[in-house]
Each structure stands twice: as structure tokens, then as C-alpha cells.
1. Determine how many Å³ per residue the convex hull of the Cα atoms of the stretch 363-424 encloses.
2. With springs only between Cα atoms under 10 Å apart, run a GNM on the chain and tell me which of ARG181, ARG73, ARG95 wobbles the most.
3. Counting only helical runs of four or more DSSP H residues, what would the 222 nm mean residue ellipticity of the chain come to if each run contributes -39,500 (n - 2.57) and the total is spread over all its residues?
4. Show me 249-255, 400-406, 335-341 ranked by packing, highest mean number of other Cβ atoms within 10 Å first.
5. Taking only Cα atoms and a 10 Å spring cutoff, compute GNM fluctuations for the chain and point out the largest among PRO395, PRO280, PRO247.
6. If we count other beta carbons within 10 Å of each Cβ, what is the order of ILE393, ILE288, fewest first?
7. Give the cross-link partners of LYS341 among the aspartates and glutamates, using a straight C-alpha distance below 19 Å as the criterion and excluding same-chain residues fewer than 8 apart.
8. Given 25 °C and 0.890 mPa s, compute D for the stretch 135-361 with the Stokes-Einstein relation, Rh being the Kirkwood radius over Cα pairs; round to the nearest whole µm²/s.
Amino acid sequence: MNFSDSELIETLLSEQGLGRAAGESEADLILINTCSVRAHAEQRVMGRLRALKKLKDRRPEILLGVCGCMAQRMGEDLLRELPWVDLVVGPDSYRRLPGLVSRAGRDNPVQAAELVLDRAETYHGILPRRRDEVSAWVPITRGCDNFCSYCIVPYVRGRERSLEPEAVERQVALAVEGGAREVVLLGQNVNSYRSGPTGFAGLLRRLESVPGLARVRFLTSHPRDLSDEIVEAMAGCGKVCEHLHLPVQSGSDRVLEAMNRGYTRDYYLDRVRLLRSRVPGLSLTTDILVGFPGETAEDFGRTVSLMKQVCFDYAYTFRYSPRPGTAAAGLEDSVPEQEKKRRLQQVIDLQLAHTRAALDSMVGAEVEAMVVKPARSGQGKYLARTRGHFSVILPAESSQVGRVVRTVVTAHTGMSLVAGAGCDT
């Protein structure tokens, strides 16, 4: 979502005549687009802003701004704590950003904060300039109504609202006309998308008819709202990839209830069984949060046993950190930090074993891969992705970005597949 918001911000500023600078030292304006989900993310931003003070001291005319969730959460406190910051702009105020920049440029030095959460703002009518040649991020919802007890998102991004299906389809079609081969539909909970009579399943079916579109992905999905109809749409839409990110967070019903997740362990496992029966070859990924207040050794054991039962292809794993303003922030943070680290390492080690097993099972198999960009390793190699979102390293013979090939997996590196030159699908 932050990648997409950065594209949105750049589009709005470019319409006012601003262009991207070659680097910080040449910039007239530096904006840091922030996340507030975890304390570590905010700590990194504060360190970055303190480092930029040296540049601001040398060139006081530079405008320095903070955008996004951390800006919304800290507000004017951020301006008081870091007085060299000029602008603080929340995620519903980007339309006003060009005016703020213009005013600050005229009246420098000046500090300004725009922090109004707007239940009507979907940025309808703005067609972002895409940075990625192959994939296009397309937000279909903004905000969140779930209020998980550990999560700051509803407080810094506001309540959930959906973009009209016609607007989504237009963004997708224009992205494809611009060279994109796949789109990634974005939202804090795409499963609860609703605009008039159109729900998320209906939106997926609608996008099947977009000419030139090869793949549709989406994230993130809330297990509670993953309906049978959505599963059937995944099974029946040929452009929808066989990959689902379905955060479980915990395998303990007691902890899930304390997290206000709205489902049980058995319900989650039922969704997994339905998905795997209706979407053959599904790649399933998840989020795991350890050390939630009150999580006992038995609760943690239930998470480990669920991971072993499901065998996720990949998992994003975190240890709990209190977020001020959330319901869980008032709970006693009862799990010692060292124990959180131990539990986190245990789930990381388990997930690495499951990921390696998934990659092992694919060696010798034929896969469909879309070439994304040159690989970091260089040497003429290219990075591609399977429909299940596995990374594949391909030789130079498959180097046309956006090309979709069928190729045979020959090995893996532990995190990525390795394949030979492919033929067009």
C-alpha cells in the first residue's frame, strides 16, 4: 500500500511541475512515506529524519516532509520533536500536498500538518504514474473496519471504503495499456470490498474481461471474510493467480479472541481445506505474530502445531510490540522480550524448513513464469515469478521483461527457484 501511495504522491506533485531529483543532495523536496504497524518501522524513520537534519542544516531551503501512517499517528508532536521537519501529511490528505508544498516554498520556513481522516476519500479520478514496468498496484479499498486489538491501521487510515468497480476496471485497463501484464489489488482487507451490488468475487470476475491482462493478484485477505463465493471466483477466473496471503496470526483460539480476529482455529483450517480442494496448486502464505500479551507456552504450541498442519509456503513472522492507541496497548505485555525472540526464532526455523520443502517439491516441474526484472546477482540472469508467487532465476535467453514462459525448474537456492530458458506460453 505504501508503494502505491508513493506513486499517488508522485503523480499529484508531478502535475504541479515537480520532477524526480537524481538524489537527496539535488532535491528541493524530500518526503518520507511511513508505516506505523510496528515500532521498528517508526524507529527507522526517526533515525532517517535525524540523519537528514545535516542536509537541512546545509541547505535550509530544502522542504522535508513526513507522509503516511506515522505522520497521522504522531501528528504535530512530530513537528515539535523534530523542528527541522516542514510538513506532516496523513494518508487522506495527499490531494492537499501540492498546495502545502507551494505555500511552504513561498513562505519558508513554515511548518504545516494535514491530518484529517476522510471517509469519502478513495483518490477516485487520480491515475497514478506507475514505477513498475510489469506489475501495477491498484488500491480497491482504503482504511479498515476490523479493529484487531494489536493493530493501529484503523486509527491512522480511517474506516473502510471501496473504490467503484468501474474506476478499478479503468485503472487496470490503463495500466495494461501502459505495459503492465499483471495487477495487484490492494486493501487492508480486500475480501470485504463492496461497492453497490459488487462484492470482491464480482470484481474478480469483472477483471477477467480486461484485454491484455495476464494475471490478477490481491492482498491482504482477512480469513473471517473469505467467503465461499470468493473461493469459487479464485477457482473459476483464469487470470487470478493460485496464490493467497491469508494471515492467521495465531493458532490459539484464546489468543485469536484476545486479538479480536473474529474466527477460530477450526474455521481457519476449514478455509484452508476448501481453498486447496477448489484451487489446485495453491500457494498459501501467512503472517504469524508471537508474544501477544497473555500468550502462554501452550498458546504458542498451538501456533506451531497449526503451522505444521498447514505447511505454509512462506510466512511473515513478527514479535509483538505495543502500538499506542490500540486496545492491546492497555494489556500487560506479559511475555518477556527474550522469550518473544526465542519463539520468533522457532517459527522462523520451522517456516524455513517448510519453504525449502515446497521448493524441493518443485524441482523437475514445469512452471509458468513471468519475467519481472534483471536479477540482483547480475551475470545476465533475470528474475521471474510463478503464478504461485515463487521467485525464479532465469537465464538471459528469457530476458524480455513482461514475457510469460513455460520452463522446467532445475534447482533452488533455498529461497528462489532456478530454471532453464523457457518457451512462450
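1. Measuring per residue, one finds 70 Å³ for the Cα hull of the stretch 363-424.
2. Between ARG181, ARG73, ARG95, it is ARG95 that shows the largest mean-square fluctuation.
3. Numbers: 13 runs with 151 residues, N = 425.
So the calculated ellipticity at 222 nm is -11000 deg cm²/dmol.
4. Going by the mean number of other Cβ atoms within 10 Å, highest first, we get 249-255, 400-406, 335-341.
5. PRO280
6. Numbers: ILE393 20, ILE288 25.
Ranked by crowding around the Cβ, least crowded first: ILE393, ILE288.
7. Within the straight-line limit of under 19 Å, LYS341 reaches these aspartates and glutamates: ASP287, GLU295, GLU298, ASP299, GLU332, ASP333, ASP349.
8. 132
A short reminder: the numbers here are calculations on the coordinates, not readings from a lab. Note that this is a predicted model, so its numbers are computed, not measured. Because the Cβ atoms are built from the backbone with ideal geometry, glycine has one as well, and the counts that use them run over all protein chains shown.
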